[in-house]
Each structure stands twice: as structure tokens, then as C-alpha cells.
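Q: First the structure, which I've put down as C-alpha cells, then a few questions once you've had a look.
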Amino acid sequence: MAEVDFTRVAPVVPVRNLDAALERYRRLGFAVRGYEGPERYGFAERGSVSVHLSEWSEHDPQRTGAVVYVYVSDADAVYAEWKASAVEGRFVEPADRPYGLREFTYVDADGTAHRVGSPSAA
């Protein structure tokens, strides 16, 4: 049997308000679009990173939040860009981690933690 290649992954994260979430990702530099069908579903893409957004009336950021890890070439630059966007949420400053990555965390209004990392300089 031939080995199957895995080529991409797109996490689906719950949001309370799809329009607000699409605007948030747009402000973070993503190309965004809503699904052209009856479901409240959207897409946010930047480079090879794709996040799917699903509006869910039962979503509770305290119980059903998600975590997404995004690898980038420069975590400090992304942190500065995202922080300057003035999006709602909480930021944890970049720091070098013992596992060789420099990373920061952004938790959005829907409770999704975006951990963003790049190789550390040290």
C-alpha cells in the first residue's frame, strides 16, 4: 500500500459571532471570507496557515475555547503587528522557551488561544 501524504491542516474554531471573528482575523492580517451557503462558517488564511471559523450559539469561551499553534519566521514581528492592530483580547509577550522556540500568546474574545512561535535566536 502506498503511503499517503498529509498536505495541510485547518483547525475549526468555534466563534460566537462570525462577522466579528472575520473582522478580527482581517485586522490580524488574514484574508477572510464567509462560506457562500446557509451555514455561518468562514475562512481566515495567511500564507499557508488556514483557520476555519464556525459560528456556534452554544459556544462559551470559558468552556469551549480552542488552542491553535502557528509557526512563523519571526514571532516578535508578528507580536508587534498583532498588538498594533488593537484587536480585543489578551496578549502575553514573546519569550524564549526551553524547547527552542520564541513564542507569544494571543487569546481572542472567543477564547481561542493563538500560540505563535519561531525558532529562538539562542
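Q: Please go through the stretch 1-52 and give me each residue that is in contact with a Gly (Cβ under 7 Å, 6 or more places away or on another chain), over 21 Å from residue 78 (Cα atoms) and of a type in the set (A, V, I, L, M, F, W, C), ordered by number.
A: 18
Q: Now, a different point. From the list 77, 44, 86, 95, exactly one residue is modelled with pLDDT under 95 and either under 28 Å from residue 120 (Cα atoms) or surrounded by 16 or more Cβ atoms within 10 Å (Cβ to Cβ) (or both). Which is it?
A: 86
Q: Continuing with the same structure: If you check 93, 45, which single one turns out to be within 13 Å of the chain's Cα centre (by Cα), acidic (Asp, Glu) and assigned to a strand (DSSP E or B)?
A: 45
Q: Let me spell it out: the conditions are (1) surrounded by fewer than 18 Cβ atoms within 10 Å (Cβ to Cβ); (2) closer than 18 Å to residue 49 by Cβ, and residue 104 meets all of them except one. Which number is the exception?
A: (1)
Q: Being on the phi < 0 side of the Ramachandran plot and either buried (at least 20 other Cβ atoms within 10 Å of the Cβ) or in a loop (DSSP other than H, G, I, E, B) (or both) is the filter here; which residues of the stretch 107-117 pass it?
A: 108, 109, 110, 112, 114, 116, 117
Q: Applying the selection to the stretch 61-79, what residues are closer than 15 Å to residue 12 by Cα and not aromatic (Phe, Trp, Tyr)?
A: Selection gives 61, 64, 65, 66, 67, 68, 70.
Q: Looking at (1) free of Cβ contacts under 8 Å to residues at least 40 places away in the same chain; (2) within 23 Å of residue 91 (Cβ to Cβ), which one does residue 11 not meet, given that it meets all the others?
A: (1)
Q: Might you let me know whether the stretch 29-37 holds any residue that is surrounded by fewer than 17 Cβ atoms within 10 Å (Cβ to Cβ), at pLDDT 95 or above and not in a strand (DSSP E or B)?
A: Checking the stretch 29-37: at least one residue is surrounded by fewer than 17 Cβ atoms within 10 Å (Cβ to Cβ), at pLDDT 95 or above and not in a strand (DSSP E or B).
Q: Here are 84, 21: which of them is touching a residue at least 24 places away in the same chain (Cβ under 8 Å), closer than 20 Å to residue 116 by Cα and not polar (S, T, N, Q)?
A: Details: 84 fails: touching a residue at least 24 places away in the same chain (Cβ under 8 Å).
Being touching a residue at least 24 places away in the same chain (Cβ under 8 Å), closer than 20 Å to residue 116 by Cα and not polar (S, T, N, Q) holds for just one of 84, 21, which is 21.
The values are calculated or read from the model by the stated rules, or taken from the named source; none is laboratory data. What you are looking at is a predicted structure, and each value in this text was computed from that prediction instead of being measured. Ideal geometry is used to build each Cβ from the backbone, glycine not excepted, and the neighbour counts take in all protein chains shown.
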